[in-house]
Amino acid sequence: MSEKIYIFDTTLRDGEQVPGCQLNTVEKIEVAKTLEQLGVDVIEAGFPVSSPGDFNSVVEISKAVSNPTICALTRAVKKDIEVAADALKYAKKGRIHTGIGTSYYHIKYKLRSDPEEIIKRAVEAVKYARNFIDDVEFYAEDAGRTDNEYLARVVEAVIAAGATVVNIPDTTGYCLPDEYAEKIAFLTNNVPNIDKAIISTHCHNDLGMATANTIMGIKNGARQVEVTINGIGERAGNTSLEEVVMILKSHKDLPYYTDIDSTKIIGVSRLVSTLMNMPVQPNKAIVGRNAFAHSSGIHQDGVLKHRENYEIIDPKDVGIRESSIVLTARSGRAALKHRLELLGYKFDKDELAEIYFRFLELADKKKDIKDDDLRVLVGKSVEKEKPYDLKLLQVLCGKSAVPVATVKISVNGEELTATASGNGPVDAAFSAVNKIMQKKVKLEEFLIQAITRGKDDLGKVHVQVESNGQMYYGFSANTDIITASVEAYIDALSKVI
Ligand code: KIV
Ligand code: ZN
């Protein structure tokens with residue numbers, strides 16, 4: 001019988017700790033709602049005592065999200081626990097995640113304490129948290145480097161104190177997969193009350209073993225995994241959600257399942273990468289730009305004959321329409337013919353040979369050949385497909401001047417111009433956009449953020465509009481913040497049905 005693995009997503013806590021990845025509350029809500037649609041079981045929404053912003057995000061996410069449990073992190077400190085309980089007051093299902101370091105390093109050098117005192121503090125924290133909430137998860141920080149006998153004593157004590165989940169973090173990403181497997185197996189077999197709690201993995205990727213360790217944890221008794229989208233997180237990151245989910249889904253021999261709708265993976269990955277300004281490495285498993293791209297002629301031919309020759313995952317399963325055949329100087333005729341057919345062109349053998357000859361000439365000069373290049377190659381004009389494209393923005397504003405903006409937008413290829421005034425340059429520009437796009441919306445949120453801190457900084461703009469009870473988000477980044485604002489507004493409006 002297949003057993004469920006609970007997906008605990010910590011993108012908004014461990015992931016968000018990464019320098020430069022901070023999100024504001026509106027962005028966190030957008031990510032949380034997307035995680036809910038993805039089907040995660042638990043969302044770790046923040047560390048409420050750490051800042052008013054984190055507190056507020058936990059409150060707002062608790063209000064905005066219904067299905068997943070909302071979890072708040074604390075240290076084994078009463079004040080942290082009280083603040084977390086307060087932040088979770090609107091959660092339909094809330095969880096406090098409290099804990100303390102248990103390794104020799106943490107006990108001696110970080111906490112300057114001793115092993116018995118740590119057990120006492122761990123137990124007190126769990127008991128205190130249980131006064132506020134029924135669902136309490138305990139983390140034994142640096143469990144990866146904690147002696148297994150001692151770890152078993154800690155785990156037994158916190159379960160007896162009321163912990164419902166026991167998290168065994170490999171905080172420094174040091175464990176080898178067989179070591180981590182042994183650790184989880186040791187707890188499964190030696191903690192007398194282990195059946196009263198769920199064991200959770202929380203692996204960091206410092207040595208590139210986070211996913212392997214997580215899978216070994218599952219195989220040895222863990223039933224919850226703590227993961228992040230795109231594997232983001234402290235230092236080298238956390239175990240990536242998409243890798244664990246797709247390993248369990250593609251290895252039919254493993255008797256486990258998750259409730260994740262894998263077809264939504266790519267959308268969430270792109271959203272998190274964009275909002276956090278954290279590009280995904282091209283060769284990243286599952287979600288990297290090249291994860292389903294075939295570039296050598298032999299592979300391209302093989303995949304076109306039968307997809308499974310070179311693919312273990314159907315790209316549709318993660319939300320990608322199809323794998324891509326990257327056209328380079330190493331591509332063969334089969335790949336070129338296939339791409340041309342997808343673009344709607346059919347040629348006989350001789351014509352194709354001629355085009356292929358010209359294609360190779362071009363491919364020698366240009367690294368990778370795009371669809372537009374092919375259209376030029378076959379003598380067709382290049383078509384641009386963006387339905388709404390800002391072509392021009394001119395703003396007149398300043399002290400004592402009435403702000404006036406003129407915008408030119410290409411709407412399905414037709415260029416339309418409008419001018420409007422407003423109480424500021426952005427207001428004027430938005431009014432001009434409204435004249436062209438004519439969507440009935442209410443501006444709900446408009447946020448400008450600087451990515452770094454110089455005067456030549458890139459401004460990130462988030463816009464949220466409401467139409468018929470439905471929210472639509474738009475985003476853009478530009479060194480010119482008025483342009484970024486107008487682009488973000490057009491982006492949001494273009495999504496309104
Ligand atoms: O890596 C870690 O140990 C953590 C804990 C706070 C759960 O993130
Ligand atoms: Zn962590």
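Take the Cβ-Cβ distance between Glu124 and Lys4 as r, set R0 to 22 Å, and report the resulting FRET efficiency rounded to the nearest 0.05.
The pair Glu124/Lys4 has a calculated efficiency of 0.10.
Listed by chain and number, the lysines whose alpha-carbon sits under 23 Å from that of Lys365, ignoring those within fewer than 8 places in the same chain, are Lys337, Lys380.
Just for the chain, what percent of DSSP beta bridges are antiparallel, to the closest 5? Walk me through the numbers on the way to the answer.
On the way: 35 of 72 bridges.
Within the chain, antiparallel bridges account for around 50 percent of the total.
With Cα atoms as the point set, the chain shows a radius of gyration and Dmax of 26.6, 82 Å. The distance between label points at Ser113 and Lys391 comes to 6.7 nm (points 7 Å beyond Cα on the Cα→Cβ vector). To check you understand DSSP bridge types, tell me what percent of the beta bridges within segment 11-116 (both residues inside) are antiparallel, rounded to 5. Antiparallel bridges make up about 0 percent of those DSSP assigns within segment 11-116. When each of the peptides 53-63, 213-223 is scored by how many other beta carbons lie within 10 Å of its residues on average, the order from highest to lowest is 213-223, 53-63.
Of the listed peptides 105-115, 284-294, 165-175, what is their order by residue-averaged count of other C-beta atoms within 10 Å, with the highest listed first?
Details: 105-115: 14.4, 284-294: 19.1, 165-175: 23.7.
So the peptides 105-115, 284-294, 165-175, ranked by packing, come out 165-175, 284-294, 105-115.
Taken over the alpha carbons of segment 388-494 as equal point scatterers, the Debye sum produces base-10 log I(q)/I(0) values at 0.10, 0.12, 0.20 Å⁻¹ of -0.27, -0.38, -1.04. Number of Lys-Lys pairs in segment 388-494 with C-alpha atoms under 29 Å apart and a separation of 8 or more places or on different chains: 23.
Once fully extended, how much extra length lies between Arg330 and Leu416, figured as 0.36 nm per residue of separation less the alpha-carbon to alpha-carbon distance?
26.7 nm
Counting only the backbone N, which residues of segment 477-497 are under 16 Å from the spot 7 Å out from the Cα of Lys440 toward its beta-carbon? Only 496-497 pass the distance filter.
Could you order peptides 316-322, 43-49 by the average number of other Cβ atoms within 10 Å of their residues, highest first? Could you put the intermediate results ahead of the total?
On the way: 316-322: 14.9, 43-49: 27.3.
Highest to lowest by the protection proxy: 43-49, 316-322.
Under the convention that each Lys and Arg Cβ holds +1 and each Asp and Glu Cβ holds -1, the size of the dipole of the chain around its Cα centre is about 880 debye.
In a simple Cβ point-charge model (Lys, Arg +1; Asp, Glu -1; nothing else charged), segment 3-275 has a dipole of about 460 debye relative to its Cα centre. Net length available on complete extension from Ile298 to Ser66 is 78.7 nm, with 0.36 nm assigned per residue and the Cα-Cα distance removed. Between Asp350 and Ser400, the simple label model (points 7 Å from Cα in the Cβ direction) yields a spacing of 7.8 nm.
Determine, for His251, His202, His299, the number of other Cβ atoms within 10 Å of each Cβ, and report the residues in order from fewest to most.
Details: His251 12, His202 31, His299 17.
Ascending Cβ contact count within 10 Å gives the list His251, His299, His202.
For the chain, the relative contact order works out to 9 percent when only alpha carbon pairs closer than 8 Å and six or more residues apart are counted. Cross-link partners for Lys4 among the lysines, with Cα-Cα distance under 24 Å and sequence neighbours closer than 8 places in the same chain left out: Lys33, Lys92, Lys93, Lys183, Lys196, Lys219, Lys249, Lys252, Lys264, Lys316.
When we measure straight from the Cα of Lys120, which lysines land under 19 angstrom away, once same-chain ones fewer than 8 places off are left out? Within reach: Lys78, Lys79, Lys108, Lys110.
Each reported figure results from applying straightforward, stated rules to the coordinates on display, with no laboratory input. Since we're looking at a predicted model, the values are computed, not measured. Glycine also receives a Cβ, built like all others from the backbone with ideal geometry; neighbour counts cover every protein chain displayed.
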